[in-house]
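The values are calculated or read from the model by the stated rules, or taken from the named source; none is laboratory data. It should be emphasised that the depicted structure is a prediction, and the values quoted were computed from it without experimental measurement. When we count neighbours, we look across all protein chains shown, and the Cβ atoms used for this are built from the backbone with ideal geometry, even at glycine.
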Amino acid sequence: MKYQKGEIVQGIVSGIEDYGFFVKVDKDYSGLVHISEIVQGFVADINNYIKLDEVIYVHILDINKETKQMKLSIKNINYRINDSNKKVKESLKGFLPLEQNLDIWTNKTLEELNINEK
């Protein structure tokens with residue numbers, strides 16, 4: 001398999017519509033970042049987040065291997081290509097690990113507190 005669900009890959013913005021934008025991942029694979037997968041809140045103008053021909057990172061939500069089409073997201077990741085002059089390098093995953101693990105960490109802490117109270 002060339003790409004996997006959950007992977008973060010680089011692509012180029014190839015089209016912008018009112019409902020989302022298209023990303024060309026390579027010569028075979030491309031996908032859509034639906035407007036609901038840009039940020040947590042309301043998106044008034046997609047152009048405030050990306051530009052045509054901009055190279056960005058995208059999170060693969062799903063892949064159709066037959067059509068080579070992807071469902072993509074930039075929500076909760078650092079989708080902009082980092083400036084090499086920055087002293088602090090940010091993780092590509094951005095807030096994604098927090099979103100994925102918050103319930104687990106919260107439940108674990110609650111269990112520990114309940115054990116300690118008894």
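For the reader, a short list of remarks on this structure follows.
- Looking across region 16-25, the residues that are surrounded by 14 or more Cβ atoms within 10 Å (Cβ to Cβ) and either in contact (Cβ under 8 Å) with a residue 24 or more places away in the chain or over 17 Å from residue 75 (Cβ atoms) (or both) come down to 16, 20, 21, 23, 24, 25.
- Among (1) surrounded by 17 or more Cβ atoms within 10 Å (Cβ to Cβ); (2) modelled with pLDDT under 95; (3) β-branched (Val, Ile, Thr); (4) not in a loop (DSSP other than H, G, I, E, B) - the single one residue 13 does not satisfy: (2)
- Answer residue from region 16-29, given it is assigned to a loop (DSSP other than H, G, I, E, B) and not aliphatic (A, V, I, L, M) and is nearest to residue 71 (Cα to Cα) among those: 29
- Any chance residue 32 is assigned to a loop (DSSP other than H, G, I, E, B), modelled with pLDDT of 95 or more and touching a strand residue (DSSP E or B) at 6+ places or on another chain (Cβ under 8 Å): no
- So residue 46, is it modelled with pLDDT of 85 or more, of a type in the set (Val, Ile, Thr) and surrounded by 12 or more Cβ atoms within 10 Å (Cβ to Cβ): yes
- Pairs, first more than 13 Å from residue 61 (Cα to Cα) in region 26-43, second surrounded by 13 or more Cβ atoms within 10 Å (Cβ to Cβ) and among the charged types (D, E, K, R), C-beta under 7 Å, six or more apart: 28/68; 29/68; 39/75; 40/75
- Options 76, 107; residue that is at pLDDT below 90 and part of a loop (DSSP other than H, G, I, E, B): 76
- For residue 62: the one exception among (1) modelled with pLDDT of 95 or more; (2) surrounded by 14 or more Cβ atoms within 10 Å (Cβ to Cβ); (3) under 14 Å from the mean Cα position of the chain (by Cα): (2)
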